[in-house]
């Protein structure tokens, strides 16, 4: 069964001159337009995990139930590419951010956290730095083991990697 989910990034005001729409309003619009679910774009001003306390998380879950829509995925626009300076390690900050996204997903009963291994940008040549992107994918996979907190998650992760190698 295919389900349609509204990615709330479109209401963040990132691509328009207007102000952003609060996450609660994006959820109402998802329901109004007939979507099955809404995904949380985990950045300011929409749904940055550190900005959403436990009370708001509870209210968001209750709102989704009252609107009869599912909470789809936590969408993290991450970038595990190496920094451009010997003393800058952006991957470590990304790991902390993804961990907070995982906690948000867990609190919201969302089963998916979408991450990007490398984000080179929309308006740059995607082929200009291909080696850097493959290095960032490797770094992401190396660091992802720190994000998997429970034994079942680690076993599922190891099984998935093993099945991809065969």
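The values are calculated or read from the model by the stated rules, or taken from the named source; none is laboratory data. Because the structure is a prediction, the values reported are computed rather than measured. Note: ideal-geometry Cβ built from the backbone for every residue, glycine included; neighbour counts use all protein chains shown.
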- Does region 8-28 hold any residues that are in contact with a strand residue (DSSP E or B) (Cβ under 9 Å, 6 or more places away or on another chain), surrounded by fewer than 17 Cβ atoms within 10 Å (Cβ to Cβ) and not in a loop (DSSP other than H, G, I, E, B), and which are they? 10
- Of (1) touching a strand residue (DSSP E or B) at 6+ places or on another chain (Cβ under 9 Å); (2) surrounded by 16 or more Cβ atoms within 10 Å (Cβ to Cβ); (3) under 16 Å from residue 116 (Cα atoms), residue 77 satisfies all except one. Which? (2)
- Message: I'm told residue 41 meets every condition in (1) touching a strand residue (DSSP E or B) at 6+ places or on another chain (Cβ under 9 Å); (2) surrounded by fewer than 16 Cβ atoms within 10 Å (Cβ to Cβ) except one. Can you identify the failing condition by its number?
- Response: (2)
- Message: It is to be established whether one or more residues within region 115-124 are buried (at least 19 other Cβ atoms within 10 Å of the Cβ) and modelled with pLDDT of 85 or more.
- Response: yes
- Say we look at region 29-65 and pick out the residues that are assigned to a helix (DSSP H, G or I), touching a helix residue (DSSP H, G or I) at 6+ places or on another chain (Cβ under 8 Å) and touching a residue at least 40 places away in the same chain (Cβ under 8 Å); which of these is farthest from residue 107 (Cα to Cα)? 50
- Note on the structure: Those residues of region 96-114 which are touching a strand residue (DSSP E or B) at 6+ places or on another chain (Cβ under 9 Å) and surrounded by fewer than 16 Cβ atoms within 10 Å (Cβ to Cβ) amount to 109, 111, 112
- Query: Of all residues in region 66-119, how many are in contact with a helix residue (DSSP H, G or I) (Cβ under 9 Å, 6 or more places away or on another chain), more than 27 Å from residue 6 (Cβ to Cβ) and part of a helix (DSSP H, G or I)?
  - Reply: 3
- Item | Test result for residue 64, touching a strand residue (DSSP E or B) at 6+ places or on another chain (Cβ under 9 Å) and either buried (at least 19 other Cβ atoms within 10 Å of the Cβ) or at pLDDT below 95 (or both) | yes
